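Enquirer: Below you'll find the structure I mean.
The values are calculated or read from the model by the stated rules, or taken from the named source; none is laboratory data. Nothing here was measured: the structure is a model prediction, and the numbers come from that model. Please note: Cβ atoms are built from the backbone with ideal geometry, for glycine as well, and neighbour counts cover all protein chains shown.
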Amino acid sequence: MHARVSVDPVSDDCLPVILVHGLGMSSLYMIPLAEHLAPHMRVYAPDLPGFGLSDKPSGALTVGELADALAAWMQEVGLERAAFIGNSLGCEVLVELAVNHPQLVDRLVLQGPTPDPEARGIIRQIAGFLLIAPFERWSLAWVALADYARGGIRRYIRTLRSMVDNRIAEKALRVSQPTLVVWGSRDYIVPYEFVTSLAGALPRGRLAVIPAAAHGINYSHPEAFTAVLLPFLLAARERQGAQGHIPRFGTG
């Protein structure tokens with residue numbers, strides 16, 4: 001798996017954070033958020049198998065298989081435990097990871113979690129994407145087109161089918177780690193009623209709302225997102241790292 005990794009120095013006692021992209025996207029989509037988090041902690045942003053610059057398996061992986069691949073990648077790079085932030089499909093992968101590989105997960109952030117059980121159809125999901133387009137940064141369209149081209153439309157559709165068939169709300173009942181659900185008030189893919197229900201179902205869950213944001217908060221509203229994230233990610237730890245600069249990133 002290909003991954004982007006922050007290279008600025010941080011305190012050794014800071015928990016690393018792993019950013020997991022949404023359907024059809026890659027770590028490129030997570031860079032704005034990664035840049036805001038990197039002064040405080042080591043940040044990893046992998047491309048899930050089949051997407052971005054990672055290897056392309058012959059068949060599309062299911063949500064569970066993507067979680068297993070993420071766990072195997074952590075073992076390969078020597079990460080024993082981390083905090084995780086997922087967007088959209090990434091949230092489904094992280095819930096699966098927390099249930100099946102709980103020793104790897106310290107805490108979770110689920111931003112724009114899918115799928116809403118009342119809108120499981122593929123057509124409803126695509127319509128939601130069209131509705132939120134005016135509220136995202138325009139440059140996101142170019143990032144999305146580049147990432148979709150790398151993954152291919154067939155893989156996108158097959159992964160979408162696994163995504164909409166996944167029952168995240170039922171699995172959330174078994175997530176024991178602290179979990180923050182984050183929702184944008186203009187996210188027309190994920191209804192408010194669903195995120196409130198999901199946050200309530202999580203044994204240690206709570207909800208944060210970012211006004212005027214849509215589905216891609218990690219890309220379009222990274223500063224507001226980071227302000228919500230830091231108290232949760234750092235918890236009682238002293239905040240470390242440099243302020244006021246854009247950190248350098250490497251790949252691996």
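Enquirer: Here are the criteria: (1) modelled with pLDDT of 95 or more; (2) of a type in the set (Val, Ile, Thr); (3) within 19 Å of residue 113 (Cα to Cα). Tell me which single one residue 63 does not satisfy.
Expert: Here residue 63 meets the rest and fails (1).
Enquirer: Right, here's the next one. Just name the residue that is surrounded by the most Cβ atoms within 10 Å (Cβ to Cβ) out of those in the range 1-18 that are charged (D, E, K, R) and assigned to a loop (DSSP other than H, G, I, E, B).
Expert: 8
Enquirer: Quick check: anything in the range 19-42 within 11 Å of the chain's Cα centre (by Cα), assigned to a loop (DSSP other than H, G, I, E, B) and among the hydroxyl-bearing types (Ser, Thr, Tyr)? Lay out the reasoning, then the answer.
Expert: Of the residues in the range 19-42, the ones within 11 Å of the chain's Cα centre (by Cα) are 19-23, 25-27, 29-30, 33.
Still in the running and assigned to a loop (DSSP other than H, G, I, E, B): 21-23, 25-26.
Checking the rest, the ones that are also among the hydroxyl-bearing types (Ser, Thr, Tyr) come to 26.
For the range 19-42, residues within 11 Å of the chain's Cα centre (by Cα), assigned to a loop (DSSP other than H, G, I, E, B) and among the hydroxyl-bearing types (Ser, Thr, Tyr): present.
Enquirer: Further question: Looking at 55, 12, 8 in this structure, which one is closer than 19 Å to residue 106 by Cα, at pLDDT below 95 and not aliphatic (A, V, I, L, M)?
Expert: Going through 55, 12, 8 in turn, just one is closer than 19 Å to residue 106 by Cα, at pLDDT below 95 and not aliphatic (A, V, I, L, M): 12.
Enquirer: Looking at the range 138-182, which of its residues are more than 17 Å from residue 47 (Cβ to Cβ), of a type in the set (Asp, Glu) and either without any contact (Cβ under 8 Å) to a residue 40 or more places away in the chain or crowded, with 22+ Cβ neighbours inside 10 Å (or both)?
Expert: Across the range 138-182, the qualifying residue is only 170.
Enquirer: Please determine, by comparing only the residues of the range 4-18 that are hydrophobic (A, V, I, L, M, F, W, C) and more than 12 Å from residue 34 (Cα to Cα), which one is farthest from the chain's Cα centre (by Cα). Spell out the reasoning first.
Expert: Keep residues of the range 4-18 that are hydrophobic (A, V, I, L, M, F, W, C), which gives 5, 7, 10, 14-15, 17-18.
Of the ones still in play, those that are also more than 12 Å from residue 34 (Cα to Cα) are 10, 14-15.
Values: 10: 22, 14: 20, 15: 17 Å.
Filtering first and then ranking leaves 10.
Enquirer: I'd like the full set of residues that are touching a helix residue (DSSP H, G or I) at 6+ places or on another chain (Cβ under 8 Å) and within 16 Å of residue 24 (Cα to Cα), limited to the range 56-69.
Expert: The answer is 56, 59, 60, 61, 62, 63, 66, 67.
Enquirer: Take the conditions in a helix (DSSP H, G or I), touching a strand residue (DSSP E or B) at 6+ places or on another chain (Cβ under 6 Å) and not hydroxyl-bearing (Ser, Thr, Tyr) and apply them to residue 90. Does it pass?
Expert: The answer is yes for residue 90.
Enquirer: How many residues, within the range 174-216, are part of a loop (DSSP other than H, G, I, E, B) and polar (S, T, N, Q)?
Expert: 3
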